[in-house]
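The values are calculated or read from the model by the stated rules, or taken from the named source; none is laboratory data. This structure is a prediction, so every number in the text was calculated from the model and none was measured. Cβ placement follows ideal geometry from the backbone for every residue including glycine, while neighbour counts extend to all protein chains displayed.
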């Protein structure tokens, strides 16, 4: 009976070690940019826009609200805004 407990404990420790190793390998691959594992990047929102279009079909009276949600970009930029001119940005002083 003691041998069975010892084997079960050793097996459990091996499984935990393998899971930890797999986690570390996946984190390393994510840092190199090979995969997205834990740190999710923001998508383009295509799924959200699809649901908004579906809602527009079900509730056509709210179409103007849906169009505004699609038109407003995050970061305060509006459609039709001119691109930022990098030559007009202030130069930061370098302190030595």
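Here are some notes:
- Residue 52 modelled with pLDDT of 80 or more and surrounded by 10 or more Cβ atoms within 10 Å (Cβ to Cβ): no
Results for (1) part of a helix (DSSP H, G or I); (2) at pLDDT 75 or above; (3) closer than 30 Å to residue 22 by Cβ, shown as yes or no for each residue.
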site: 35; (1), (2), (3): no, yes, yes
site: 42; (1), (2), (3): no, no, yes
site: 48; (1), (2), (3): yes, no, no
site: 57; (1), (2), (3): yes, yes, no
site: 75; (1), (2), (3): no, no, no
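- Considering only residues in segment 59-73 that are more than 24 Å from the chain's Cα centre (by Cα) and surrounded by 10 or more Cβ atoms within 10 Å (Cβ to Cβ), the one that is modelled with the highest pLDDT turns out to be 59.
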